[in-house]
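Worksheet for the structure shown next.
The values are calculated or read from the model by the stated rules, or taken from the named source; none is laboratory data. From a predicted model like this one, the values you see are computed outputs, not experimental measurements. Neighbour counts run over all protein chains shown; Cβ positions are idealised from the backbone, glycine included. For accessibility, only protein heavy atoms count, side chains too; no ligands or nucleic acids. Shrake-Rupley method; radii C 1.70, N 1.55, O 1.52, S 1.80 Å.
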Amino acid sequence: MKKERETGRRLTFFIQTFGCQMNARDSEKLAGILTRIGFEPAEDEAADLVLYNTCTVRDNANQRVYGRLGHLNSLKKKNPDMLIALCGCMMQEESVIEKIRQSYRFVDIVFGTHNIFKLAELLYEKLTRRDRVIDIWQETDRIVEELPAERKYPFKSGVNIMFGCNNFCSYCIVPYVRGRERSRKPEDILLEIKRLAKDGVVEIMLLGQNVNSYGKNLKEPITFAELLRKIEEIEGIERIRFMTSHPKDLSGDLIEAIRDSKKICRHLHLPLQSGSSRILKEMNRHYDKGQYLGLVKKIREAVPDIALTTDIIVGFPGETEEDFLETMDVVEQVGYESAFTFIYSKRTGTPAAKMECQVPQEVVKNRFDRLLEKVQAIAAKRAGAYTGRVEPVLVEEVNAQDEALVTGRLGSNFVVHFPGSREMVGKIVNVELKECKGFYFYGEAIT
Ligand code: SF4
């Protein structure tokens, strides 16, 4: 590349990822493309190219990006050749693009969620044309396979099985920024996983906004449960995880596939969002309190040792104290191993954003604190019950605070720290859980 000749060194890149595991997997592909065209990764934002892969699920995600852009501009003032690029969900919002156009003129390249595969082309356009490049696709039915990827972890990997979402929950912006559901062909997914296994991956996380809808748009439809059974056959893969399963269409067949599997981790993330049937209707979630509790009962009967986690929104428009107590009641009845709790965030363009009766912030804050207290108390009790057990743990890293310890995850997704060495990273070892610290453990490897 001309710029490389000018500088006499390889150009460097730094990718900052905001948001979910989908974005993390996209960032691995973006790093793969950049590496393939000769860039090398930099430690921090003092790089030739800084790329923000953005999230827009809540307003504070947008604010964080705007906040960081100021800092990038100051770096660019010191290094005018530096390139600043933005992609991801936030860039799919027209109001954001307009703001970037008007107020962030130092941003060089902007693209969205549907055309990440074009990064090399967009870079070339920028480096040859010198104007800023803004290329946002509003929609796509394409799935680009075989993109190179630089994995963050050598022993585990996210695997997209589908893109987009057709559920249109009334508070959620994802369907507007990630488009309509489109599933990858099973043979492409199986091929990718076989290659990952050959490359030393032992754990995969199957990714989709709602994996239950997998396969519905394929010429030869296949269900998610059927796909799981095929993945189960792949040698070298020891653990299978997946995210996210919508409660409205989690099938009996999927529950059986989990029950009968030797590899699917005993952890299911089952977003509740609210325990009030009235609010669930307003949220367009297509299940009510009774159906959700019935589903949990069915899952626990089939897979008694499964760990359940969830997402809960507090302060949805019109939420009354009675609605909130319904949520607290479901949390009590289910007893989650952990829960991600969120304060409702108005997303322009979603039906909920136009709803009357936005709940006053102090009321929301009070409910949020009460919910958090209950969730943490129950999680600590549930975690406590694991103390003394011997569980297989995938060792993920040497402990950042104490080099004599390594850190890993149980199948149920709890974290455990125990004495060990770097050689253990990437291996699955049996660990006795000695002490519970609320929602993580200290343990000892069983040799
Ligand atoms: S299922 Fe609902 S909450 Fe999840 S991504 Fe789709 S629209 Fe959003």
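Data for the structure
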item	result
Nonlocal amide H pairs with residue 343, under 5 Å, H built at 1.01 Å	314
Under 5 Å, built H, 5+ apart or other chain: amide partners of residue 307	267, 268
Amide H contacts under 5 Å for residue 159, placed H, 5+ residues apart	205, 206, 207
Most mobile of 181, 139, 356 in a GNM of the chain (Cα contacts under 10 Å)	356
Residue-by-residue Karplus 3J(HN,Hα) for segment 399-410, coefficients 6.51, -1.76, 1.60, Hz, glycine and proline x	4, 5, 8, 9, 4, 7, 10, 10, 10, x, 10, 6
Accessible surface of segment 191-271 [probe 1.4 Å, protein heavy atoms]: carbon and sulfur percent	48
Hull volume in cubic angstrom per residue (convex hull over the Cα atoms of segment 362-445)	96
Alpha-carbon centroids, segment 21-72 and segment 161-203: separation in whole Å	20
Phi-based couplings in Hz for segment 36-42 (Karplus 6.51, -1.76, 1.60; Gly and Pro marked x)	4, 9, x, 6, 10, x, 9
Size of charge dipole - the chain - debye, nearest 20, with Cβ of Lys, Arg +1 and Asp, Glu -1, no other charges	820
Test item: Cα-centred dipole of segment 203-358, Lys/Arg +1 and Asp/Glu -1 on Cβ, debye	420
Surface share of carbon and sulfur [accessible, 1.4 angstrom probe, percent] for segment 323-384	57
Integer Hz, Karplus 6.51/-1.76/1.60 couplings in order for segment 169-174, x for Gly and Pro	4, 5, 9, 9, 8, 3
Fully extended contour minus Cα-Cα distance, from residue 332 to residue 385, at 0.36 nm per residue	17.4 nm
Sulfur and carbon atoms: percent of accessible area, segment 1-115 [1.4 Å]	49
Longest to shortest principal axis, alpha-carbon extents of segment 1-55, angstrom	37, 21, 14
Probe 1.4 Å, all protein chains present, accessible-area order of 249, 48, largest first	249, 48
D (Stokes-Einstein, µm²/s), Kirkwood Cα radius, the chain, 0.890 mPa s at 25 °C	104
Per residue solvent-accessible surface (Å²) - segment 210-345, probe of 1.4 Å	40
